[in-house]
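Novice: Have a look at this one before I ask anything.
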Amino acid sequence: MDKKQQNAPKTGLIIGVCGFIAGIFLIFSNQIIIGIAGSFASAGIAIKGYMDLKKLK
């Protein structure tokens, strides 16, 4: 497996966690619908990255 395929799950996990935190920030800044939708989408990306990372090990 090349280096790009090994780094892809890590990148997805990092982007997912950052997006989840940003979604929570939006919820607290009265952008409730966008914050909830962003949090759910980012949590899905984070879970996918975690599962892919777990599968590689």
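The values are calculated or read from the model by the stated rules, or taken from the named source; none is laboratory data. The structure presented is a predicted model; accordingly, all values stated were derived computationally and were not measured. Positions of Cβ are generated from backbone atoms using ideal geometry, with glycine treated the same way; all protein chains shown enter the neighbour counts. To get the accessible areas, we keep the full protein, side chains included, count just its heavy atoms, and leave off ligands, DNA and RNA. Shrake-Rupley method; radii C 1.70, N 1.55, O 1.52, S 1.80 Å.
Novice: Counting Lys and Arg as +1 and Asp and Glu as -1, what is the net charge of the other residues whose Cβ lies under 14 Å from the Cβ of Lys55?
Specialist: Value of the local net charge: +3.
Novice: Shifting gears a bit: Between Phe40 and Ala22, what is the label-point separation in nm under the 7 Å Cα-to-beta-carbon projection?
Specialist: Result for the modelled spin labels: 1.9 nm.
Novice: Positive end of the charge dipole of the chain (Lys, Arg +1 and Asp, Glu -1 on Cβ, about the Cα centre): tell me which of Asn7, Gly23, Ala46 has its Cα farthest that way.
Specialist: My answer, from the dipole projection, is Asn7.
Novice: Follow-up question, since we're still on this one. Across the chain, what fraction of all alpha-carbon pairs, as a whole percent, falls in each successive 5 Å bin from zero upward?
Specialist: Each 5 Å bin holds this share of Cα pairs: 5, 24, 23, 17, 12, 9, 6, 3, 1.
Novice: Still on this structure: Residues of region 8-30 with the amide nitrogen closer than 16 Å to a label point 7 Å from the Cα of Lys48, along Cα-to-Cβ, please.
Specialist: So the set is 8-20.
Novice: Ignoring ligands, DNA and RNA, what percent of the accessible area of the chain is carbon or sulfur (1.4 Å)?
Specialist: Ligands and nucleic acids excluded, carbon and sulfur give 73 percent.
Novice: Moving to a separate point now. Helix-only mean residue ellipticity at 222 nm, the chain, DSSP H runs n ≥ 4 weighted -39,500 (n - 2.57), per residue, nearest 500. What is it?
Specialist: My calculation for the chain gives -32000 deg cm²/dmol from helical runs alone.
Novice: Quick one: angle between helix 32-56 and the longest Cα principal axis of the chain, in degrees between 0 and 90, rounded to 10, please.
Specialist: With rounding to tens, the tilt is 10 degrees.
Novice: About the Cα centre of the chain, what is the dipole size in debye to 20, counting +1 per Lys and Arg Cβ and -1 per Asp and Glu Cβ, all else neutral?
Specialist: Value, rounded to 20: 300 debye.
Novice: Rounding to the nearest 10 and keeping the result within 0 to 90°, find how far the Cα-based axis of helix 3-28 lies from the longest principal axis of the chain.
Specialist: Helix 3-28 sits at roughly 10 degrees to that axis.
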